Amino acid sequence: MHEMSLAEGVLQVIEDYARKEGYRRVKTVTLEIGRLSGAEPEAMRFCFDAVVRGTLADGAALEIVETEGSGWCLACGKTVPVAARYDPCPDCGGYQVQATGGMEMRVKELEVE
């Protein structure tokens, strides 16, 4: 389950910002997770809750915003929506689609005290 290491990375980002900005408690964490990132939102919720116990983010609400996947179809020469890696192009049916978006995961917003 790689979501555990991802959740640990998110906590590290939160703690780094807390030292830099001087806040004491995190109330809400908003994560942006791309559909092609390989991270499962429900597994991420479970791991986040486990990782933040006893930290400044203990009890923080985790909001997840899923972003759509996109890819560049070499056959069509255009950007197309992609639901999963290695899916065919929805326009021409070709499999020469290179993922260009929806692979990221980032801390989008923190609500802090």
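The values are calculated or read from the model by the stated rules, or taken from the named source; none is laboratory data. Because the structure is a prediction, the values reported are computed rather than measured. For neighbour counting, all protein chains shown are included, and Cβ atoms are generated from backbone atoms with ideal geometry for every residue, glycine included. Just the protein is used for accessible areas: all its heavy atoms, side chains included, with ligands, DNA and RNA removed. Shrake-Rupley method; radii C 1.70, N 1.55, O 1.52, S 1.80 Å.
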### Query
assigned to a loop (DSSP other than H, G, I, E, B) and free of Cβ contacts under 8 Å to residues at least 60 places away in the same chain, is that true of Ala84?
yes
### Query
Only one residue in Gly71, Gly93 is more than 17 Å from the chain's Cα centre (by Cα) and loosely packed, with under 12 Cβ neighbours inside 10 Å, so which one is that?
Gly93
### Task
Collect the residues in region 39-71 that are closer than 19 Å to Ala83 by Cα and not in a helix (DSSP H, G or I), keeping them in residue-number order.
Ala39, Glu40, Ile64, Val65, Glu66, Thr67, Glu68, Gly69, Ser70, Gly71
### Query
Tell me, which residue of region 96-113 that is free of Cβ contacts under 8 Å to residues at least 60 places away in the same chain and assigned to a strand (DSSP E or B) is surrounded by the most Cβ atoms within 10 Å (Cβ to Cβ)?
Val97
### Message
Being open to solvent by 40 Å² or more (accessible area, probe 1.4 Å) and either at pLDDT below 95 or in contact with a strand residue (DSSP E or B) (Cβ under 8 Å, 6 or more places away or on another chain) (or both) is the filter here; which residues of region 41-55 pass it?
### Response
Arg45, Asp49
### Message
Whether any residue in region 25-38 is in contact (Cβ under 8 Å) with a residue 40 or more places away in the chain, part of a helix (DSSP H, G or I) and open to solvent by 10 Å² or more (accessible area, probe 1.4 Å) is what I want to check.
### Response
no
### Query
Taking region 64-81, which residues are without any contact (Cβ under 8 Å) to a residue 40 or more places away in the chain, under 11 Å from Ile33 (Cα atoms) and of a type outside the set (S, T, N, Q)?
Ile64, Glu66, Glu68, Gly69
